[in-house]
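Read the structure below first, then the notes.
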Amino acid sequence: MSTFDELREQHPLFIYHSFELNEKALTFHFQIDEFHFYPKWEFDHNYMYGHFSQKQLEAVAFSLGMAELVSYWKCACCPTVEVRCGGLSEWQINWWKKLYFNGLGEFFYRNGINTDLESFMNITAPEPEAVHEVRCDLRGALVPVGGGKDSVVTLEILKKEGTEITPYIINARGATLGCVEAAGISADKAVCPRRSIDKALLERNAAGWLNGHTPFSAVVAFSSLLHAVLLNKRFIVLSNESSANETYVEGAKVNHQYSKSTEFEKDFREYCAESFGSCPEYFSLLRPLSEWQIAREFVKYPQYFGVFQSCNLGSKTDSWCCNCAKCLYVYILLAAFLDDEALVKIFGCNMLEKGELSQMLDGLMLDGEDKPFECVGTKDEVRLSLKMALDRRKDDPPVLLKRFAEKFDGYSPKDMDGFFDGDNFVPQKFIPYLEKIANEH
């Protein structure tokens with residue numbers, strides 16, 4: 001019997017007991033047998049509840065708990081989830097099951113778990129109460145800032161359009177606050193809640209229970225909605241690009257970035273309309289663009305070069321580890337547009353000279369190889385960037401560009417000038433700014 005089957009047999013029930021919301025914090029209570037979990041959000045503002053009804057606010061807070069619970073559920077994969085603190089319709093139950101199942105695609109794949117949408121989880125909950133929506137005057141945009149190049153480009157577009165920006169940062173660090181300040185926005189204007197994981201979950205992982213990737217961007221979505229409601233914001237503006245839709249495993253629907261995909265964005269907007277009534281509008285501003293186009297736009301803003309950072313391993317120290325697929329991917333994208341001196345100043349080394357990363361490079365660029373499980377773009381984008389980087393360094397190419405040249409002798413990359421993904425939810429007033437980026441030559 002597999003670990004997955006053993007844990008499900010030993011721990012058949014996961015309970016979502018309660019959530020407690022006040023002006024300083026939001027705490028959840030989950031349970032698996034004798035193990036209790038209390039994840040918490042602490043607020044950096046004393047919020048007034050604005051024009052939204054208490055029922056709307058509580059419905060959003062409860063839903064954030066639904067997004068959080070999958071991180072705790074996955075340690076034992078209990079067959080049944082019992083919700084005791086809020087109601088769900090059959091449509092909502094199916095919505096959550098779809099998010100969990102697809103958002104756990106990498107978790108299932110890497111743990112060798114063979115299951116299906118119908119059988120992996122059963123959710124029980126009372127019928128939901130009606131939410132009486134309150135229409136109000138919403139203003140400005142809440143903008144999640146992760147510290148990478150994508151949110152930088154979003155900030156710059158919104159500044160040009162004249163939108164009032166409130167940066168939203170979960171567990172603020174040097175890179176995120178540095179990007180806000182480099183954008184000319186005072187860090188004091190950023191909304192910076194602190195999210196903490198219950199250590200009891202880490203203890204279960206250390207005891208041999210299951211662990212792996214979960215759809216964290218769904219947590220970002222519901223937490224940003226909660227804060228946008230508290231602050232009466234009109235928009236929640238994400239920075240997810242078209243490239244986030246691609247599967248990571250050929251022939252299977254395994255997307256490390258599922259909760260950044262267009263499919264999730266569409267589903268989330270529908271869930272908000274169905275469950276909360278009138279509320280801030282959630283969309284990704286960069287959805288029409290490729291990562292390559294975003295990188296081309298990003299290099300126009302050198303004021304961010306010394307502060308932006310998107311390496312997960314180096315996030316606690318605001319540094320680039322220069323050994324992971326995310327670092328290599330970002331380096332390759334920027335190498336298409338920047339010279340070695342500028343890149344070494346950003347990253348601390350020339351990653352294109354690191355021959356030990358050859359296998360990682362193959363996963364990023366070769367068809368038939370699984371993509372590394374990081375937030376990275378398409379292989380077409382990587383190959384185009386490598387070709388451009390090689391052209392800039394053809395007199396003395398570094399080791400990884402030599403490998404690219406050997407694998408793709410005489411390669412003609414796919415032209416991405418003018419690429420524009422029409423499957424998006426961007427309000428019309430922002431479209432001209434995106435079209436200008438897309439069609440730049």
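The values are calculated or read from the model by the stated rules, or taken from the named source; none is laboratory data. All values derive from a computational prediction rather than experimental measurement. Neighbour counts are summed over all protein chains in view; Cβ atoms, including those assigned to glycine, are modelled from backbone coordinates with ideal geometry. Just so you know, the surface numbers come from the protein's heavy atoms only, side chains and all, with ligands and any DNA or RNA stripped out. Shrake-Rupley method; radii C 1.70, N 1.55, O 1.52, S 1.80 Å.
When the stretch 258-317 is filtered for residues that are touching a Pro at 6+ places or on another chain (Cβ under 8 Å) and within 16 Å of residue 98 (Cα to Cα), the ones remaining, listed by number, are 258, 259, 264.
Can you find even one residue in the stretch 112-129 that is over 30 Å from residue 8 (Cβ atoms) and over 26 Å from the mean Cα position of the chain (by Cα)?
Checking the stretch 112-129: at least one residue is over 30 Å from residue 8 (Cβ atoms) and over 26 Å from the mean Cα position of the chain (by Cα).
Applying the selection to the stretch 311-341, what residues are of a type outside the set (Phe, Trp, Tyr), closer than 14 Å to residue 291 by Cα and in a loop (DSSP other than H, G, I, E, B)? Passing the criteria: only 336. Counting only strands (runs of 3 or more DSSP E) that sit completely within the stretch 137-228, those holding 2 or more residues that are buried (at least 21 other Cβ atoms within 10 Å of the Cβ) correspond to 141-144, 165-168.
Kindly evaluate residue 232 against the criterion of being touching a Lys or Arg at 6+ places or on another chain (Cβ under 7 Å), surrounded by fewer than 20 Cβ atoms within 10 Å (Cβ to Cβ) and not in a helix (DSSP H, G or I). Against the criterion (touching a Lys or Arg at 6+ places or on another chain (Cβ under 7 Å), surrounded by fewer than 20 Cβ atoms within 10 Å (Cβ to Cβ) and not in a helix (DSSP H, G or I)), residue 232 qualifies. Taken together, 305, 276, 283, 268 contain a single residue that is without any contact (Cβ under 8 Å) to a residue 60 or more places away in the chain, open to solvent by less than 40 Å² (accessible area, probe 1.4 Å) and more than 25 Å from residue 393 (Cβ to Cβ), which is 268.
Of the residues making up the stretch 316-330, those that are within 14 Å of residue 148 (Cβ to Cβ), touching a residue at least 40 places away in the same chain (Cβ under 8 Å) and open to solvent by 20 Å² or more (accessible area, probe 1.4 Å) are 318, 326. Checked across the stretch 65-87, the condition of being within 28 Å of residue 206 (Cα to Cα), open to solvent by 20 Å² or more (accessible area, probe 1.4 Å) and under 17 Å from the mean Cα position of the chain (by Cα) holds for no residue. Among the residues of the stretch 344-355, those identified as surrounded by fewer than 21 Cβ atoms within 10 Å (Cβ to Cβ) and not in a loop (DSSP other than H, G, I, E, B) are 344, 345, 346, 347, 353, 355. Pairing each residue of the stretch 387-407 that is under 14 Å from residue 361 (Cα atoms) with any residue that is open to solvent by 100 Å² or more (accessible area, probe 1.4 Å) and not in a loop (DSSP other than H, G, I, E, B), provided the two are 6+ apart or on different chains, yields C-beta distances under 6 Å for 398/353; 399/353. Looking for whichever is farther than 30 Å from residue 312 by Cα, modelled with pLDDT of 95 or more and either open to solvent by less than 50 Å² (accessible area, probe 1.4 Å) or outside any loop (DSSP other than H, G, I, E, B) (or both) here; the options are 91, 96. Which one fits? Being farther than 30 Å from residue 312 by Cα, modelled with pLDDT of 95 or more and either open to solvent by less than 50 Å² (accessible area, probe 1.4 Å) or outside any loop (DSSP other than H, G, I, E, B) (or both) holds for just one of 91, 96, which is 91.
The condition (being modelled with pLDDT of 95 or more and either exposed (fewer than 14 other Cβ atoms within 10 Å of the Cβ) or closer than 29 Å to residue 109 by Cα (or both)) is satisfied by just one residue among 19, 30: 30. A single member of 333, 386, 338, 313 is surrounded by 22 or more Cβ atoms within 10 Å (Cβ to Cβ), out of contact with any strand residue (DSSP E or B) (no Cβ under 9 Å at 6 or more places or on another chain) and closer than 29 Å to residue 174 by Cα, and it is 333. Any residue at all in the stretch 61-76 that is within 22 Å of residue 274 (Cβ to Cβ) and part of a loop (DSSP other than H, G, I, E, B)? Within the stretch 61-76, not a single residue is within 22 Å of residue 274 (Cβ to Cβ) and part of a loop (DSSP other than H, G, I, E, B).
Residue by residue, here is whether (1) within 17 Å of residue 377 (Cβ to Cβ); (2) of a type in the set (Val, Ile, Thr) holds:
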| site | (1), (2) |
| --- | --- |
| 278 | no, no |
| 284 | yes, no |
| 300 | no, no |
| 303 | no, no |
| 313 | no, no |
| 317 | no, yes |
| 320 | no, no |
| 330 | yes, yes |
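The conditions of being of a type outside the set (Phe, Trp, Tyr), at positive phi and surrounded by 20 or more Cβ atoms within 10 Å (Cβ to Cβ) are not met by residue 112. Looking at the stretch 418-427, can you tell me whether even one residue there is open to solvent by less than 80 Å² (accessible area, probe 1.4 Å), over 20 Å from residue 285 (Cβ atoms), part of a loop (DSSP other than H, G, I, E, B) and not hydrophobic (A, V, I, L, M, F, W, C)? Checked against the condition, which is being open to solvent by less than 80 Å² (accessible area, probe 1.4 Å), over 20 Å from residue 285 (Cβ atoms), part of a loop (DSSP other than H, G, I, E, B) and not hydrophobic (A, V, I, L, M, F, W, C), the stretch 418-427 yields no hits at all.
Conditions tested, residue by residue: (1) closer than 22 Å to residue 213 by Cβ; (2) over 22 Å from the mean Cα position of the chain (by Cα); (3) among the aromatic types (Phe, Trp, Tyr).
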| site | (1), (2), (3) |
| --- | --- |
| 311 | yes, no, no |
| 322 | no, no, no |
| 346 | no, yes, no |
| 358 | no, yes, no |
| 383 | no, yes, no |
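So how many residues does the stretch 361-378 have that are in a helix (DSSP H, G or I) and either buried (at least 19 other Cβ atoms within 10 Å of the Cβ) or among the small types (Gly, Ala, Ser) (or both)? Residues flagged as in a helix (DSSP H, G or I) and either buried (at least 19 other Cβ atoms within 10 Å of the Cβ) or among the small types (Gly, Ala, Ser) (or both) within the stretch 361-378 amount to 4. Are any of the residues in the stretch 36-53 of a type in the set (A, V, I, L, M, F, W, C), surrounded by 22 or more Cβ atoms within 10 Å (Cβ to Cβ) and modelled with pLDDT under 95? Yes.
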